[in-house]
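*Asks:* Okay, here's the structure, questions in a sec.
The values are calculated or read from the model by the stated rules, or taken from the named source; none is laboratory data. A quick note: this is a predicted structure, and the numbers were derived from the prediction, not measured. Cβ placement follows ideal geometry from the backbone for every residue including glycine, while neighbour counts extend to all protein chains displayed. Calculation scope for accessible area: heavy atoms of the full protein, side chains included, ligands and nucleic acids excluded. Shrake-Rupley method; radii C 1.70, N 1.55, O 1.52, S 1.80 Å.
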Amino acid sequence: MAELSAVPDVEIDADGVFKYVLLRVRPPSGAAKDVVRGYGWAEYHGEPGRGADIYEKAAAELEPRGFKCECLGGGRIAHHSAERRIHVYGYSVGFGRAKHSVSTEKLKAKYPDYEVTWADEGY
């Protein structure tokens, strides 16, 4: 049985500037939750036909466990671990702009001792 509590709210690289997506993860029954995934290796957010990037990686890991994944949008994350700062901004060409305010709240919960900010500007 798929346990939504076993799905981390945030998985991002430890440092750098990289693309991210905001995903809605749904178990077979019950309420869904939104999660943030961002990685420096990703060339694309996961636009259709672009290969196994962030969205495809998450779906490939979660769907066999009984979850359904929906991409709510994307953007970029600038993670400066030495300064304890994270900035969320931009958009995904294929998925559109994520609600950075939602992503930022998830990041603040994971990194409570960081300054976490967001802006709609930039790519």
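*Asks:* With no solvent and one equal point scatterer placed on each C-alpha of the chain, evaluate the Debye formula and give log10 I(q)/I(0) for q = 0.17, 0.19, 0.22 Å⁻¹, two decimals.
*Replies:* -0.80, -0.99, -1.27
*Asks:* Also: Please give, to one decimal in nm, the separation of the simple spin-label points placed at residue 84 and residue 68, each 7 Å out from Cα toward the Cβ.
*Replies:* Once both label points are built, they end up 4.1 nm from each other.
*Asks:* Oh, and also: Please check which bits of the range 104-123 a label hung off residue 61 would reach, taking the label as a point 7 Å along Cα-to-C-beta and the cut-off as backbone N under 19 Å.
*Replies:* Hits in the range 104-123 for residue 61 at 19 Å: 104, 106-111.
*Asks:* Could I ask something else about it? Local charge sum around residue 37 (other residues, Cβ-Cβ under 9 Å, Lys/Arg +1, Asp/Glu -1)?
*Replies:* 0
*Asks:* Quick one: pull the percent of accessible area on the chain belonging to carbon and sulfur, 1.4 Å probe, ligands and nucleic acids left out.
*Replies:* Carbon-and-sulfur percentage of accessible area, whole number: 50.
*Asks:* Using θ = phi - 60° and the Karplus form 6.51 cos²θ - 1.76 cosθ + 1.60, what ³J(HN,Hα) does each residue of the range 13-27 get, whole Hz, x for Gly and Pro?
*Replies:* In residue order, the calculated couplings are 5, 5, 6, x, 10, 7, 7, 9, 10, 9, 10, 9, 10, 10, x Hz.
*Asks:* Now for a separate question. For n ≥ 4 DSSP H runs only, could you compute -39500 (n - 2.57) per run for the chain, divide by its residues and tell me the 222 nm figure to the nearest 500?
*Replies:* -5000 deg cm²/dmol
*Asks:* Once phi is turned into θ = phi - 60°, what whole-Hz ³J(HN,Hα) does the Karplus curve with 6.51, -1.76 and 1.60 give for every residue of the range 57-73, x standing for Gly and Pro?
*Replies:* 4, 5, 4, 5, 7, 8, 5, x, 8, x, 8, 9, 10, 10, 8, 9, x
*Asks:* If you don't mind, another one. With loop defined by DSSP as not H, G, I, E or B, and exposure as at most 14 other Cβ atoms within 10 Å, which is the longest segment of the chain clear of exposed GluC sites (Glu not before Pro)?
*Replies:* Result for the longest clean stretch: 44-120.
*Asks:* Now for a different question. Tell me the label-point distance for the pair residue 10, residue 121, using the 7 Å Cα-to-Cβ offset, in nm and rounded to one decimal.
*Replies:* Modelled inter-label distance: 2.4 nm.
*Asks:* Give me the 1.4 Å probe accessible area per residue for the chain, excluding ligands and nucleic acids, in Å².
*Replies:* Normalised by residue count, the accessible surface of the chain is 51 Å².
*Asks:* Give the accessible area for residue 108 in Å² (nearest 10); use a 1.4 Å probe, count only protein heavy atoms, and leave out ligands, DNA and RNA.
*Replies:* Roughly 90 Å² of residue 108 is accessible to a 1.4 Å probe.
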